[in-house]
Amino acid sequence: MENVNADKKVLVTGASGGIGRAIAVEAAKAGYYVICHYNGSKGKAEETLAQIQAAGGQGELIQFDVSNRDDCKAKLDDLTARHGILWGVVNNAGITRDNTFAALSGEDWDKVIHTNLDSFYNVLNPLILPMASRKNKRGGRIITVSSVSGVNGNRGQTNYSAAKAGIIGATKALAVELARRNITCNAIAPGVIETEMTKAIDPAVYEMIMGTIPMNRAGKPEEIASAAVFLLSEGAGYITRQTLVIDGGM
């Protein structure tokens, strides 16, 4: 792995498993100091940090509820006070509460919107001003994890699709605001990825989904992580306001 660069500190939300864990580990291997966020899954977040350290990387854990604006601000203000200005943020934390729209409860609508979409504001707002005030316009990286559901829509995921589409729109708008500060803002929209979420899909439904993917397989979390680490890099400095769909041709 590359030597850890103290100036390249990255926050990854939802780093306790799945895509978030893969991004955190791969970023650490690339030489970033990774701040691994979790909310209720401390044990899984500790596993992520252990993987980072086993790979020779460095990082730490941070706990807050991405749907709670006050909690986010307090914890992230403290983070900035301790670590200074972050190089990058990967806003990945999210949940699903799937159901057909007619049967979707107001509670499940609110929970998904608050966690998946409101977190865009709650997490990024306390961090943007410090990043934008960095001397000499040294820049930074914002990556949001959306979904193909936010690009195409998906049956039974009206709430999730709305939140993930909103993330894409918000990312594009923020990219315009921050471009002159050399801060890039891009979204990644994964398709079907091998995570705990996909393992819970009914086998018959899963087989049907595979039939819609030209590559005839689910993606691996590491394949999303590779793209995220590239977008964090100096080499991605002229890529902004984009949505990278990673879905095997789906």
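Where a number appears in this text, it was derived from the coordinates with a stated rule and is not lab data. Computed from a predicted model, the values in this text were never measured in an experiment. Note that we place each Cβ from the backbone using ideal geometry, even for glycine, and neighbour counts take in every protein chain shown.
Brief remarks on what is shown
- In this structure, the pairs whose alpha-carbon distance is over 31 Å, taken from K111/K135; K29/K75; K73/K220; K8/K75; K8/K199; K8/K172, are K111/K135; K73/K220; K8/K199.
- Under the span-like rule (Cα at least 20 Å along the axis, Kyte-Doolittle mean at least -1.0), DSSP H helices of the chain: 118-132, 158-178
- The slack between R217 and H83, meaning 0.36 nm per residue of separation minus the straight C-alpha distance, is 44.2 nm.
- Straight Cα distances below 19 angstrom link K9 to the aspartates and glutamates E26, E46, E60, D77, D78, E234, with same-chain residues fewer than 8 positions distant left out.
- Panel order for H83, H114, by other beta carbons found within 10 Å of each beta carbon, from fewest to most: H83, H114.
- Dipole check for the chain: with +1 at the C-beta of Lys and Arg, -1 at the C-beta of Asp and Glu, and the Cα centre as origin, the magnitude is about 940 Debye.
- Semi-axis lengths (Å, descending) of the ellipsoid that matches the C-alpha gyration tensor of the chain: 28, 20, 18
- Whole-percent pair-distance distribution, where bins are 10 Å wide, for the alpha carbons of the range 154-250: 14, 39, 32, 13, 2
- Once the C-beta distance of A102 and E207 is scaled by a Förster radius of 30 Å, the resulting FRET efficiency is 0.70 to the nearest 0.05.
- Length-normalised contact order of the range 9-238 in % [C-alpha pairs under 8 Å, at least 6 apart]: 20
- Residue exposure proxy: W87, W109, ordered by other Cβ atoms within 10 angstrom of their Cβ from fewest to most, comes out as W109, W87.
- Annotation: for a label point projected 7 angstrom from Cα along Cα→Cβ of S41, residues of the range 216-250 with backbone N closer than 18 Å are 219-226.
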